[in-house]
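Single-structure report; data block below.
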Amino acid sequence: MADDGVRGEASAQQEKEKEKENGANRSSQETETESSKNGDNAAENQTLSKRQQKKLLKQQKWEEERELRKQKRKERKQQRRLQRHNHQEEQGGEAQHVRKRPRREVTPSSLRLVVDCSFDSLMLTKDVQKLHKQIQRCYAENRRALHPVQVYLTSLGGQLKQSMDEKDKGWVNWKDISIKTEHYSEVVAKEELVYLTSDSPNVLEELDHKKAYVIGGLVDHNHHKGITFERAKELGIHHAQLPLSSFVKMNSRKVLAVNHVFEIILAYLEKGSWQEAFFTVLPQRKGAVAVDQEKEEEESDSDPGP
């Protein structure tokens, strides 16, 4: 039994010596590996110029401090949010109220405006695309108008519908507008229709809210002069022109774009004055001058003086 104890102690002693020897070997290997790495880094640093070494150190430092910068940005953002909140509380919410645009009281009109899109085959592709933009403008202006009208888009198809599908897929979700493939004469009773055309001898003095006013959806650069007037006569419906000549003298022809006619009527509903409506909407390139102003200038030019 004593011999067994001695042998056990001797065996334990041998195990300890082996562990020490292995630990020493591992330390030696780690030292050699670290030395090798340092040697490699030193060799690498020797191949880099001083400028490149500084750049490398700067990059390493920037990477090490990334999380710190992120945390600082987060803290600054929270601080700004807290300051805004405190300021609004001090001002009683006045600052936020000032930034908001005053909401106007919108009163929808019973007036109906119809855009006649039955001239699709008479237009070039580029002109159809212009008409598409004009219709977009009509829709947008009516949405923000003080007295929005009831809008009808009739005879929609062909090139125009293709353009709308390709360039304005959201048109199918337009609100407060009736979009029809049928002709306007199938949508509105004939006796309620009034075609707005500059070739009509009838001048529109007032808007009748029981009527539906038709605007010809045509961009043709005068290639089909008088066609809307002829169409109205063929259908036997009423026709009229806006009282443009009574209030405005223009350098260019009296034919207006679809959206201009549309916007003029919206402006008239808001202002109650044709002259104000015309000069609010007509583009400067039309060279519009008030008829009264032109008369005064002519009288001044003809006056020989004392």
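Here are some notes:
- Cα gyration tensor category, rounded, prolate or oblate, for segment 112-295 with a/c compared to 1.5: rounded
- Burial ordering of Ile265, Ile227, fewest other beta-carbon atoms within 10 Å first: Ile227, Ile265
- Extension gain, Lys77-Leu124: 0.36 nm per intervening residue step, less the Cα-Cα distance, totals 11.5 nm.
- Anisotropy class of segment 192-282 from Cα gyration tensor, a/c 1.5 cut: oblate
Any read-out appearing in this document is the output of simple, stated calculations on the displayed coordinates, not a laboratory observation. For clarity, every value in this text was computed on a predicted model and none was experimentally measured. In this analysis, Cβ positions are derived from the backbone assuming ideal geometry, glycine residues included, and neighbour counts consider all displayed protein chains.
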